[in-house]
Amino acid sequence: DVKVTQSSRYLVKRTGEKVFLECVQDMDHENMFWYRQDPGLGLRLIYFSYDVKMKEKGDIPEGYSVSREKKERFSLILESASTNQTSMYLCATRVFTGGSYEQYFGPGTRLTVT
Amino acid sequence: GESVGLHLPTLSVQEGDNSIINCAYSNSASDYFIWYKQESGKGPQFIIDIRSNMDKRQGQRVTVLLNKTVKHLSLQIAATQPGDSAVYFCAEKARGYNQGGKLIFGQGTELSVKP
């Protein structure tokens, strides 16, 4: 089974703090994704990565950056957290087998910025 | 740009009945669609997918129907059970070069199953 783990389930940070959200996968997948999930808005893509040291902006990259130094690890960074970044953050990894574009998701990190 | 939308944010059904969750998409060139289920406190889990060269695909107790004429997608759950209570998302694969298998998600429909 594919396993995607996220470093924290719940996180509380103060406005202006630098925040690191870590995601680790154990299946040697090239593609990894960071989403945020808010009520009524579904999942919105922040950043994704094709492979080590490669990254692409998603639909809402403002206020975020990412790092992919190792294939199994994809980090989301909030340089200076703000209250409007309070959200559920989901990491996903993509497997491409037999024509499927299925993404496997981690359990999510609920971040509260006060 | 592309967008995916669901018709109803909530759906309540009686246990044992069939459920139908609907989804509309905007890009007529979209060629791949996928349904996810998200239970409370968990990340989304894959249910079923379908390519645009198909109209229907069946899984275990689930069927996805694709109507390309009206750009509509539906997920049917047979004999709905309490364990089916969750938020259901449809998504389409983004078109274009260098999209890396990016998926565009709808807002989700929350399914509640009454005993």
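Computed over chain B with a Gaussian network model linking Cα atoms closer than 10 Å, the most mobile of B:Ala91, B:Ala24, B:Ala78 is B:Ala78. Computed 3J(HN,Hα) for segment B:24-41, one whole-Hz value per residue from the Karplus formula 6.51 cos²θ - 1.76 cosθ + 1.60 where θ = phi - 60°, is 10, 10, 9, 8, 5, 8, 4, 10, 8, 9, 8, 10, 10, 10, 10, 7, 4, x, glycine and proline marked x. Averaged over the residues of peptide A:41-50, the number of Cβ atoms from other protein chains lying within 10 Å of each residue's Cβ is 4.
With 10 angstrom as the radius, rank B:Lys102, B:Lys114 by how many other C-beta atoms surround their C-beta, starting from the fewest.
B:Lys114, B:Lys102
Could you state the per residue volume, in Å³, of the convex hull enclosing the Cα atoms of chain B? Walk me through the numbers on the way to the answer.
On the way: hull volume 11.5 nm³, N = 115.
Output value, Cα hull per residue: 100 Å³.
Taking Cα centre as origin and charging only the Cβ of basic (Lys, Arg, +1) and acidic (Asp, Glu, -1) residues, the dipole magnitude of chain B rounds to 300 debye. Beyond 23 Å, what share of the Cα-Cα pairs of the protein assembly as shown is found? Please give it as a whole percent. I get 48 percent for the Cα pairs in the protein assembly as shown exceeding 23 Å.
Sort largest first and round to whole Å: the equivalent ellipsoid semi-axes of segment A:4-113, each the square root of five times a Cα gyration tensor eigenvalue. Please list the in-between numbers first.
Details: eigenvalues 103, 41, 32 Å².
Those come to 23, 14, 13 Å.
Around the amide H of A:Thr86, modelled in the peptide plane, lie the amide H atoms of A:Val113, all under 5 Å away and 5 or more residues distant in sequence or on another chain.
Which value in Å does the Kirkwood hydrodynamic radius of segment A:9-74 take, with 1/r averaged over all unlike C-alpha pairs and then inverted?
On the way: mean 1/r = 0.0768 Å⁻¹.
Here the Kirkwood hydrodynamic radius works out to 13.0 Å.
Taking a 27 Å limit on the Cα-Cα distance, which of the listed pairs A:Lys53/B:Lys71; A:Lys18/A:Lys57; B:Lys42/B:Lys114; A:Lys18/A:Lys55; B:Lys42/B:Lys68 fall beyond it? From A:Lys53/B:Lys71; A:Lys18/A:Lys57; B:Lys42/B:Lys114; A:Lys18/A:Lys55; B:Lys42/B:Lys68, over 27 Å: A:Lys53/B:Lys71; B:Lys42/B:Lys68.
Note on A:Thr86, A:Thr109: ascending count of other Cβ atoms within 10 Å places them as A:Thr86, A:Thr109, the fewest first. Under 5 Å between amide hydrogens, built in the peptide plane, is the criterion, and for A:Asp51 it picks out nothing among residues at least 5 positions away or on other chains. Among A:Met32, A:Met54, A:Met88, the largest mean-square fluctuation in a Gaussian network model of chain A, built with springs joining Cα atoms closer than 10 Å, belongs to A:Met54.
Every number here is computed from the coordinates shown, using simple stated rules; none is lab data. Computed from a predicted model, the values in this text were never measured in an experiment. Cβ coordinates were reconstructed from backbone atoms using ideal geometry, including for glycine residues, and neighbour counts include every protein chain displayed.
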